[in-house]
Amino acid sequence: MTAVRPDIAPKQAPEATRFPTGFVWGAATAAYQVEGAAAEDGRTPSIWDTFSHTPGKVHNGDTGDIAADHYHRFRDDVALMKQLGLKAYRFSISWSRVQPTGRGPAVERGLDFYRKLVDELLEAGIAPVATLYHWDLPQELEDAGGWPQRVTAERFADYAAIMAGALGDRVATWTTFNEPWCSAFLGYGSGVHAPGRTEPASALRAAHHLNLAHGRAIEVLRGQLPAAAQTSVTLNLHQVRPLTASAADADAARRIDAVGNRIFTGPMLKGAYPEDLLADTAHLVDWPTLVQDGDLAAISRPVDVLGVNYYTPTLVSTPAEGAGSTRNDGHGASDYSPWPGSEHVAFHLAEGKERTAMNWAIDPDGLYNLLLDVTREHPGVPLMVTENGAAFDDYVSPEGRVEDPERIAYLHGHLDAVQRAVADGADVRGYFLWSLMDNFEWAYGYSKRFGTVYVDYASQRRIPKASAHWYADVIRRHALPSAGLS
Ligand code: FCB
């Protein structure tokens with residue numbers, strides 16, 4: 001482990017550009033992306049193990065079998081987090097590690113890993129933020145039909161009860177799902193994520209059952225956790241913009257907002273699915289049969305915080321009759337659309353913007369607008385940026401350093417956007433950088449590096465990148481450095 005560079009003399013930021021008192025500085029990872037130890041201590045395959053081991057599904061045939069070996073190196077990783085001054089660590093729990101078949105009793109060895117991780121964090125003064133589900137459904141539950149089946153939501157509630165029982169005394173912040181949109185629409189729609197199914201109707205059914213599972217889990221968590229515990233869900237809300245001012249492009253934006261965002265925020269935060277979504281997708285699912293009595297009341301149980309993940313905006317249009325639509329929506333190439341009912345919508349890359357290694361446009365104003373849009377649409381709901389960051393083609397210099405000025409610029413721009421949104425009325429409680437360290441980037445395997453800490457996969461050596469030192473400095477100051485200091 002490389003030591004963090006000494007502090008630069010702290011400088012007070014002017015009042016207007018300060019982050020709120022108590023603003024939480026964190027970093028995030030997810031179980032399948034970092035843990036490895038895929039077949040240890042009773043863990044069985046999840047849909048991501050099956051998918052990554054299926055030829056042609058993941059770049060270079062990469063798998064999460066070893067990943068960043070966090071399962072064995074978590075103590076060193078927590079020590080590194082402490083050196084960086086992190087106040088919180090957002091991680092996810094591998095369902096098939098703690099309840100291998102997705103039903104029945106828990107496996108103590110699996111639970112022990114998370115107990116030890118959490119204890120290590122608390123000892124280091126770092127708040128654990130636990131996500132129950134970051135895309136890794138136990139394979140047995142997929143074999144029984146997966147998220148398109150209603151019973152999967154009940155299985156999830158049982159799993160939530162196991163985890164609340166095991167960690168409820170020491171984890172104060174809980175998140176049910178990470179980006180259910182990806183689970184439903186990339187997993188069952190375009191098929192670029194596990195389980196790789198390409199069934200538009202199943203994708204919509206999955207979305208409803210993920211919503212239901214969220215609501216059921218919130219009920220369980222509320223019933224079992226101490227009153228002071230915070231519950232939340234994390235959504236990748238698409239910051240949708242029409243390409244032109246035309247009515248056709250406005251309709252494209254409305255549609256993608258419906259099936260990308262309001263399909264979750266509607267039932268969760270307003271207790272109803274949006275009428276336009278139901279109309280756009282009525283030919284695919286029979287919503288009155290899918291949504292049963294009591295479902296919406298369950299799904300709309302209040303959360304204490306809404307987690308928002310943001311990377312880049314989504315620019316859309318309705319192509320002229322006969323023109324083919326482009327699938328370049330930033331979520332991976334597929335012949336199948338992840339936008340059921342709105343397959344004709346075309347996606348565009350904003351002109352004149354710098355891009356990350358994912359070819360995503362860098363646009364901090366998108367985060368500013370997103371935070372204010374959510375604030376306007378759902379007043380009174382506290383927000384947390386649970387993921388934000390960028391992949392670049394990082395490498396280790398002959399001197400053993402990783403210089404990533406583009407990532408520093410990205411983070412600076414987006415943290416400045418958070419600050420501006422706060423100044424303009426958004427109640428943002430914290431920021432989690434994606435990611436603490438380089439990891440298995442889903443269908444892109446290890447080819448994309450999002451970490452603020454570099455991982456040399458051959459040796460598993462960690463090297464904090466320049467951005468890690470920069471972020472540590474921001475945390476110490478509780479403010480962005482003024483120009484020239486970064
Ligand atoms: C988000 C995922 C996270 C990571 C980043 C880059 O959609 O939640 O696991 O892959 O994108």
Ellipticity estimate at 222 nm from DSSP helix runs (n ≥ 4, -39,500 (n - 2.57)) divided over the chain, nearest 500: -10000 deg cm²/dmol
Computed log₁₀ I(q)/I(0) - Debye formula, equal Cα scatterers, no solvent, segment 175-239, q 0.29 Å⁻¹: -1.15
Exposure proxy order (Cβ contacts within 10 Å, fewest to most) of 406, 343: 343, 406
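Are there any GluC sites (Glu not before Pro) in segment 24-123 that are in a DSSP loop and have at most 16 other Cβ atoms within 10 Å? List them by number.
Of the GluC sites (Glu not before Pro), the ones in loops of segment 24-123 whose Cβ has at most 16 other Cβ atoms within 10 Å are 40.
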Share antiparallel - DSSP beta bridges, the chain, percent rounded to 5: 20
Calculated over segment 222-311: convex hull of Cα atoms, volume per residue (Å³): 119
Percent of Cα-Cα distances greater than 19 Å, calculated over segment 335-474: 59
Computed label-point distance, nm, for sites residue 354 and residue 482 using a 7 Å Cα→Cβ extension: 2.2
Volume per residue that the Cα convex hull of segment 58-171 spans, once the total is divided by residue count, Å³: 119
Beta bridge orientation in segment 337-475: antiparallel %, DSSP, nearest 5: 55
Neighbour-count ranking [beta-carbon atoms within 10 angstrom, fewest first] of 97, 115: 115, 97
DSSP H segments from the chain that extend 18 Å or more along their own axis, Cα-based, with Kyte-Doolittle mean of 0.0 or above: 151-167
Cα-based radius of gyration of the chain once divided by 2.2 N^0.38 Å, which approximates compact folds: 0.92
Gain on full stretching of the segment that runs from residue 403 to residue 79 - 0.36 nm per residue minus C-alpha separation: 114.4 nm
Using a Förster distance of 25 Å, the FRET efficiency for residue 66-residue 123 (Cβ separation, nearest 0.05): 0.40
Dipole in debye (nearest 20) - the chain, about Cα centre, beta carbon charges: Lys, Arg +1; Asp, Glu -1: 1020
Global size of segment 40-104 as Cα Rg and Dmax, reported in angstrom: 14.7, 41
Least to most buried among 193, 412 (fewest other Cβ within 10 Å first): 412, 193
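The numbers here are math on the coordinates, done by the rules we state, and not lab data. Just so we're clear, the structure is a prediction, and the values are computed from it rather than from any experiment. Neighbour counts are summed over all protein chains in view; Cβ atoms, including those assigned to glycine, are modelled from backbone coordinates with ideal geometry.
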